[in-house]
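The block underneath contains the structure these notes are about, expressed in structure tokens.
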Amino acid sequence: LATVLAALRPVLPLVLGLSLGCSLSLLRASWSQGGDQQCPGAAGPGPLAGGARPEAAEGRPGAGHEDFRPRIVPYYRDPNKPYKKVLRTRYIQTELGFHEKLFVAVLTSKATLNTLAVAVNKTVAHHFPRLLYFTGLRSAKVPPGMVLVAHGDERPIWLMYETMHYIHQHFGSDYDWFYVMQDDTYAQAEQVKALVSHLSINQDVYLGRAEEFIGGDEQARYCHGGFGYLISRSLLLKLRPHLDSCRNEILSVRPDEWLGRCIIDFLGVACVSQLQGQHYRTYELAKNTEPEKEEEEEFQAALAVHPVSDVTLMYRLHKHFSRIQLDRAYQEIQDLQMQIRNLTALTPAGEAGLTWPVGINAPFLPKSRFEVISWDYFTEQHLFSCPDGSPKCELSGASKADVSEIIESALEQLNSRYQPLLRFSKRQLLNGYRRFDPTRGMEYTLDLLLEAVTQKGHSHVLAKRVSLVRPLSKVEIIPMPYVTEATRVQLVLPLTVQDLDFVANFLDMFAMNALDTHDNALLTLLFIYHPYDAQRVSQVDVFAGVKAMVGELEKRYAEVKIPWISVKTEVPSQVKLMDIVSKKHPVDTLFFLASVWTEINMEFLNRCRMNTISNWQVFFPVHFQEFNPALVYRGEQTASSSTDFLRDGHFDRHSFAEACFYNSDYMTARTKLAADILDRDEVLDSMEVFDVFLHYSGLHLFRAVEPGLVQKYALRSCNPRLSEELYHRCVLSNLEGLASRSHLAMALFEQEQANST
């Protein structure tokens with residue numbers, strides 16, 4: 001028996017489990033069968049006790065709950081109607097009907113446009129997402145940086161009517177809230193934005209400082225225009241059909257009272273100062289008010305202040321309220337840091353898990369030596385990590401201002417910590433280190449030689465190391481104009497005699513990746529003849545082979561025409577060549593200035609379309625240049641893996657041959673260049689298209705590495721007739737394109753070993 005039990009012991013849990021499971025299954029089956037039987041004498045489908053509907057009793061929603069019942073709408077397409085492709089919006093925000101949060105309108109006049117309106121623009125305009133100025137008559141010169149709408153009439157009621165009509169027509173479908181203020185009003189922009197973020201957009205909102213009508217005894221109120229008022233999108237949409245009636249029927253002297261009367265009479269909505277638990281706090285300034293000496297709680301908490309009589313008072317108010325917000329922010333930071341310290345002690349890591357500074361992300365931890373972020377060494381005069389690769393350069397510009405600010409901040413922090421016992425002053429910066437950590441910001445380590453002075457006047461010189469962090473602030477999305485991938489790209493290919501060996505490969509890649517795929521791209525060839533070859537073109541045409549290839553392509557693709565332009569010059573200046581091409585194309589043409597070693601593909605062409613924006617941005621890609629296979633592989637088989645090409649080449653930052661830009665932008669910049677150089681055309685020989693856009697256009701120059709633009713290795717011919725800088729860049733491009741340092745070192749090592757044997 002003991003032997004049998006010992007053999008069955010491992011199987012016993014399995015047997016018990018099966019038995020228990022079968023028993024529970026049988027019990028559940030018997031309960032289910034018994035639950036389906038009706039009790040004797042049960043009523044039929046009549047009404048139940050308490051008036052409940054049968055649908056609700058069975059667990060299904062009744063007639064009053066149709067909105068909550070999910071419905072599956074089957075897709076059906078009429079076979080008799082032609083199929084039409086559905087075009088969806090590019091951004092999900094547009095398809096879902098999202099709106100921007102806040103639009104701000106400032107009512108000004110011709111007399112105050114260059115004074116109070118400019119002060120409003122300098123103090124609060126950069127805090128609002130969209131701000132427009134409305135006036136009756138505009139002055140001769142509009143202040144820069146301000147979007148002004150002039151209605152042509154200074155009458156106050158007409159100005160208000162036209163302003164509301166303009167806002168509805170141009171922005172009514174784009175924003176949820178509309179804030180209207182005067183140019184003699186100071187509004188705390190951040191408080192206004194916080195207010196609208198706490199309000200529901202489903203109500204008709206007319207929020208501001210509620211005032212009684214002049215001579216009226218009714219309970220309805222209008223919003224005082226001097227303190228600003230907030231209107232919801234739903235209220236604006238309902239108000240638009242009645243604006244004409246209000247203009248003809250309502251008589252008033254004040255525009256804000258006229259608008260309030262219009263909203264009350266036709267929509268029945270009165271102005272309120274409190275809504276959904278949010279208060280619209282205002283403060284009325286007295287004459288000769290000193291903002292720095294105002295200590296009333298009502299003034300400190302005011303969202304809008306009125307009237308602001310002059311520009312100086314506007315700036316003083318902005319300084320005062322900015323200081324209040326800054327002190328409030330510092331206090332909130334200290335409170336949060338204290339809470340983090342208290343909570344960190346309760347975590348498994350304890351106080352050891354507390355990062356410095358408190359509340360800032362921990363430093364980046366590299367997983368290998370290739371991910372280590374290097375430190376840049378600097379002094380007060382020099383930087384030892386220069387953008388051009390040189391070992392030492394002068395500290396200037398933004399870098400110098402950055403170092404000076406960091407040293408001042410370090411001294412300020414030391415003095416605030418040790419005063420009044422010690423007072424520190426800087427003698428010298430011994431060593432400085434900085435690096436950019438993408439997880440937290442810019443980190444600094446400073447070795448300072450300081451002079452410490454005690455309260456009794458004793459001084460002592462000491463060296464102290466301090467660490468500082470400039471954390472990453474709020475990330476902003478830069479608004480960019482909308483572009484599409486449907487734009488036609490006009491490729492321009494300059495060719496010289498030295499490029500003839502590579503033309504066939506270029507045309508094959510263009511036919512395979514652009515013509516076969518029906519990409520919206522065209523090609524124009526630019527034949528650059530030397531004066532000697534141009535004289536013999538009737539006997540021997542050096543580009544006859546290329547023209548024959550073009551003819552074969554045009555026969556293969558009947559709808560494609562590849563034009564060419566012949567130019568005679570000894571110095572093929574990129575700017576002069578582009579001048580010729582620009583005159584033969586429309587102003588809205590998108591050019592891609594290519595080189596003969598470029599391998600065209602659809603991926604890059606789409607990126608050229610998306611990164612080039614008319615009257616906004618030009619694109620100069622940095623192509624990937626493959627190394628010399630004779631030095632990289634040294635007789636071995638070339639790597640075929642798609643990931644190995646990043647190891648077998650480099651991004652050629654010395655080349656500016658490829659560029660994407662619109663013809664209109666080039667013509668604008670070229671006109672400014674012509675006015676600058678007058679008749680000195682020899683200056684163009686030392687310039688490239690990149691220099692034209694850099695110095696003579698206000699456009700964004702987007703230069704980035706482009707992995708989709710790969711070029712095979714080829715030794716470029718550098719023209720010594722070009723400027724010294726262009727020739728030097730060409731030589732450097734050839735030298736750096738030979739191979740990497742490790743490949744060159746291995747080639748030298750093998751050569752030395754071969755010589756020694």
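The values are calculated or read from the model by the stated rules, or taken from the named source; none is laboratory data. As the structure is a prediction and not an experimental result, all values here were calculated from the model. Ideal geometry is used to build each Cβ from the backbone, glycine not excepted, and the neighbour counts take in all protein chains shown. Just so you know, the surface numbers come from the protein's heavy atoms only, side chains and all, with ligands and any DNA or RNA stripped out. Shrake-Rupley method; radii C 1.70, N 1.55, O 1.52, S 1.80 Å.
I'm trying to understand the selection: among the residues of the range 264-319, which are among the polar types (S, T, N, Q) and within 11 Å of residue 186 (Cα to Cα)?
Correct list: 282, 309.
Residues checked against (1) assigned to a helix (DSSP H, G or I); (2) without any contact (Cβ under 8 Å) to a residue 24 or more places away in the chain:
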position	(1), (2)
245	yes, yes
248	yes, yes
256	yes, no
262	yes, yes
269	no, no
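So is residue 684 more than 34 Å from the chain's Cα centre (by Cα) and either under 17 Å from residue 620 (Cα atoms) or part of a loop (DSSP other than H, G, I, E, B) (or both) or not?
Values: more than 34 Å from the chain's Cα centre (by Cα): yes; either under 17 Å from residue 620 (Cα atoms) or part of a loop (DSSP other than H, G, I, E, B) (or both): no.
So residue 684 does not fit the description; no.
Go through the range 271-310 residue by residue and tally those that are in a loop (DSSP other than H, G, I, E, B), in contact with a Phe, Trp or Tyr (Cβ under 9 Å, 6 or more places away or on another chain) and among the hydrophobic types (A, V, I, L, M, F, W, C).
Adding up the residues that qualify gives 6.
Which one of these does residue 253 not meet: (1) at pLDDT below 90; (2) surrounded by 15 or more Cβ atoms within 10 Å (Cβ to Cβ)?
Single failed check for residue 253: (2).
Among the residues of the range 114-145, which ones are assigned to a loop (DSSP other than H, G, I, E, B), free of Cβ contacts under 8 Å to residues at least 40 places away in the same chain and either touching a His at 6+ places or on another chain (Cβ under 9 Å) or open to solvent by less than 40 Å² (accessible area, probe 1.4 Å) (or both)? Steps first, please.
Looking only at the range 114-145, we keep the residues that are assigned to a loop (DSSP other than H, G, I, E, B), and these are 114-115, 124, 128-130, 136-145.
This time we only want the ones that are free of Cβ contacts under 8 Å to residues at least 40 places away in the same chain, so: 114, 129, 136-145.
Listed by number, the residues that qualify are 136, 137, 139, 143.
Output yes when any residue across the range 220-237 is more than 28 Å from residue 129 (Cβ to Cβ) and in the same structural domain as residue 107 (by the TED database), and no when none is. Quick ask: steps written out before the conclusion?
Start the filter on the range 220-237 by keeping residues that are more than 28 Å from residue 129 (Cβ to Cβ), which leaves 220-221.
Next, only the ones that are in the same structural domain as residue 107 (by the TED database) stay: 220-221.
Checked against the condition, which is being more than 28 Å from residue 129 (Cβ to Cβ) and in the same structural domain as residue 107 (by the TED database), the range 220-237 yields at least one hit.
Failed condition for residue 235, given (1) open to solvent by less than 50 Å² (accessible area, probe 1.4 Å); (2) under 19 Å from residue 124 (Cβ atoms); (3) not in a strand (DSSP E or B); (4) not small (Gly, Ala, Ser), with all others met?
With (1) open to solvent by less than 50 Å² (accessible area, probe 1.4 Å); (2) under 19 Å from residue 124 (Cβ atoms); (3) not in a strand (DSSP E or B); (4) not small (Gly, Ala, Ser) applied to residue 235, the lone miss is (2).
Hey, among 340, 360, which residue is over 30 Å from residue 185 (Cβ atoms), touching a residue at least 24 places away in the same chain (Cβ under 8 Å) and of a type outside the set (D, E, K, R)? Explain how you work it out, then say what you get.
Details: 340 fails: touching a residue at least 24 places away in the same chain (Cβ under 8 Å).
Step by step, each of 340, 360 is checked, and only 360 is over 30 Å from residue 185 (Cβ atoms), touching a residue at least 24 places away in the same chain (Cβ under 8 Å) and of a type outside the set (D, E, K, R).
This table checks each residue for (1) among the aliphatic types (A, V, I, L, M); (2) open to solvent by less than 50 Å² (accessible area, probe 1.4 Å); (3) without any contact (Cβ under 8 Å) to a residue 40 or more places away in the chain.
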position: 433; (1), (2), (3): no, no, no
position: 444; (1), (2), (3): no, yes, yes
position: 465; (1), (2), (3): no, no, yes
position: 469; (1), (2), (3): yes, yes, no
position: 473; (1), (2), (3): no, no, yes
position: 491; (1), (2), (3): yes, yes, no
position: 495; (1), (2), (3): yes, yes, no
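Pick from 286, 301, 329: which is more than 35 Å from the chain's Cα centre (by Cα), hydrophobic (A, V, I, L, M, F, W, C) and open to solvent by less than 100 Å² (accessible area, probe 1.4 Å)?
Details: 301 fails: more than 35 Å from the chain's Cα centre (by Cα); 329 fails: more than 35 Å from the chain's Cα centre (by Cα).
Exactly one residue qualifies, and that residue is 286.
Say whether the condition of being part of a loop (DSSP other than H, G, I, E, B), of a type in the set (Gly, Ala, Ser) and open to solvent by 10 Å² or more (accessible area, probe 1.4 Å) is met by at least one residue in the range 176-194. Spell out the reasoning first.
Step one: list which residues in the range 176-194 are part of a loop (DSSP other than H, G, I, E, B), which gives 183-185, 188.
Those left that are additionally of a type in the set (Gly, Ala, Ser): none.
No; the residues of the range 176-194 include none that is part of a loop (DSSP other than H, G, I, E, B), of a type in the set (Gly, Ala, Ser) and open to solvent by 10 Å² or more (accessible area, probe 1.4 Å).
Do you know which of the residues in the range 339-354 that are out of contact with any helix residue (DSSP H, G or I) (no Cβ under 7 Å at 6 or more places or on another chain) and at pLDDT below 85 is least open to solvent (accessible area, probe 1.4 Å)? Show your work before the answer.
Step one: list which residues in the range 339-354 are out of contact with any helix residue (DSSP H, G or I) (no Cβ under 7 Å at 6 or more places or on another chain), which gives 339-343, 346, 348-350, 352.
Next cut, at pLDDT below 85 only: 349-350, 352.
Numbers: 349: 65, 350: 14, 352: 96 Å².
Out of the qualifying residues, it is 350.
Please identify the pairs in which a residue from the range 735-754 that is among the small types (Gly, Ala, Ser) has its Cβ atom under 7 Å from the Cβ atom of a residue that is assigned to a helix (DSSP H, G or I) and modelled with pLDDT under 85, counting only partners at least 6 apart or on another chain.
739/631; 739/632; 747/631
Going residue by residue through the range 409-421, is there one that turns out to be open to solvent by 50 Å² or more (accessible area, probe 1.4 Å), free of Cβ contacts under 8 Å to residues at least 40 places away in the same chain and of a type in the set (Gly, Ala, Ser)?
Taking the range 409-421 first, the residues open to solvent by 50 Å² or more (accessible area, probe 1.4 Å) are 412-413, 416-421.
Cutting the leftovers down to free of Cβ contacts under 8 Å to residues at least 40 places away in the same chain gives us 412, 416-421.
Checking which are of a type in the set (Gly, Ala, Ser) leaves us with 416.
The answer is yes, given that some residue of the range 409-421 is open to solvent by 50 Å² or more (accessible area, probe 1.4 Å), free of Cβ contacts under 8 Å to residues at least 40 places away in the same chain and of a type in the set (Gly, Ala, Ser).
Being among the polar types (S, T, N, Q) and in a loop (DSSP other than H, G, I, E, B), is that true of even one residue in the range 514-529?
First, pick out the residues of the range 514-529 that are among the polar types (S, T, N, Q): 517, 520, 524.
Pick out the ones that are also in a loop (DSSP other than H, G, I, E, B) and you get 517, 520.
Among the residues of the range 514-529, at least one is among the polar types (S, T, N, Q) and in a loop (DSSP other than H, G, I, E, B), which makes the answer yes.
For the subset of the range 509-521 comprising residues that are touching a helix residue (DSSP H, G or I) at 6+ places or on another chain (Cβ under 9 Å) and open to solvent by 20 Å² or more (accessible area, probe 1.4 Å), which member is farthest from residue 582 (Cα to Cα)?
517
For the range 579-598, which positions are hydrophobic (A, V, I, L, M, F, W, C) and out of contact with any Leu (no Cβ under 7 Å at 6 or more places or on another chain)?
First, the residues of the range 579-598 that are hydrophobic (A, V, I, L, M, F, W, C): 580-581, 587, 590-594, 596-597.
Residues satisfying the conditions are 580, 587, 590, 591, 593, 597.
Got a number for residues in the range 139-174 being touching a Lys or Arg at 6+ places or on another chain (Cβ under 6 Å) and within 26 Å of residue 238 (Cβ to Cβ)?
The number of residues fulfilling the criteria is 2.
Is it fair to say residue 703 is open to solvent by 50 Å² or more (accessible area, probe 1.4 Å), outside any helix (DSSP H, G or I), assigned by the TED database to the domain that holds residue 581 and at pLDDT 85 or above? Walk me through how you get there before you give the answer.
Numbers: open to solvent by 50 Å² or more (accessible area, probe 1.4 Å): yes; outside any helix (DSSP H, G or I): yes; assigned by the TED database to the domain that holds residue 581: yes; at pLDDT 85 or above: yes.
So residue 703 passes the test.
Collect the residues in the range 304-313 that are in contact with a strand residue (DSSP E or B) (Cβ under 8 Å, 6 or more places away or on another chain) and loosely packed, with under 14 Cβ neighbours inside 10 Å, keeping them in residue-number order.
none
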